[in-house]
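Reading through the structure tokens given below for one structure.
Derivation of every value follows stated rules applied to the coordinates shown; laboratory data play no part. It should be emphasised that the depicted structure is a prediction, and the values quoted were computed from it without experimental measurement. Neighbour counts run over all protein chains shown; Cβ positions are idealised from the backbone, glycine included.
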Amino acid sequence: MSHLSTKQLEDLRLRLLDAKSSAKILLAQGAPGTEPVEASGKTIGRLTRMDALQVQAMAQMSRHQLDIRLKQIEASLTEWEAGKYGVCRHCKGSIGVKRLEALPEAPFCLACQESFEV
Ligand SMILES: [Zn+2]
């Protein structure tokens, strides 16, 4: 069983789906970083403020970074469908809820991520 509640899982899945469509829109625009993100536009109108900020952060990414992000998001969605979402790909431990809320597609737990960055 997942350490996440059904509601948390559902919320995070919606966040992933939103992030996925945002990333696809930005990639389709061809030049991320050059187009201002319409925070009140139709595309992200239903997102929370935090997600709107995340979309803006995404808009600053290079095409390559965005491509990697999209792949991570898709991998997370695949894991979600398989009931394995929120599990660290390195140590197989649980990824903290706060970390997932900040970065729904996080592939590793904080401890592993930090060990990679040292
Ligand atoms: Zn880990």
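Things to note:
- Pairs beyond 22 Å (Cα-Cα), from 7/84; 24/98; 7/71; 24/92: 24/98; 7/71; 24/92
- Across the stretch 63-78, rounded Karplus estimates of 3J(HN,Hα) from the backbone phi angles (6.51 cos²θ - 1.76 cosθ + 1.60, θ = phi - 60°) give 4, 5, 4, 5, 5, 5, 4, 4, 5, 5, 5, 5, 5, 5, 5, 5 Hz, Gly and Pro being marked x.
- For the stretch 99-115, backbone phi angles converted through the Karplus equation (6.51, -1.76, 1.60; θ = phi - 60°) give residue-by-residue couplings of 5, 5, 5, 7, 9, x, 9, 3, x, 10, 6, 4, 4, 5, 4, 5, 5 Hz, Gly and Pro being listed as x.
- Taking a Cβ cut-off of under 13 Å around residue 107, the surrounding Lys, Arg, Asp and Glu residues balance to a net charge of +3, with basic ones at +1 and acidic ones at -1.
- Taking amide hydrogens as placed 1.01 Å from N in the peptide plane, the amide H of residue 87 sits under 5 Å from those of 95, each at least 5 positions away in sequence or on another chain.
- The phi torsions of the stretch 15-27, fed into the Karplus equation with coefficients 6.51, -1.76 and 1.60 and a -60° offset, translate into couplings of 4, 5, 5, 5, 5, 5, 5, 4, 4, 5, 4, 5, 5 Hz, rounded to whole numbers, with Gly and Pro shown as x.
- Among the GluC sites (Glu not before Pro) within the stretch 58-118, not one is in coil by DSSP while having at most 11 neighbouring Cβ atoms inside 10 Å.
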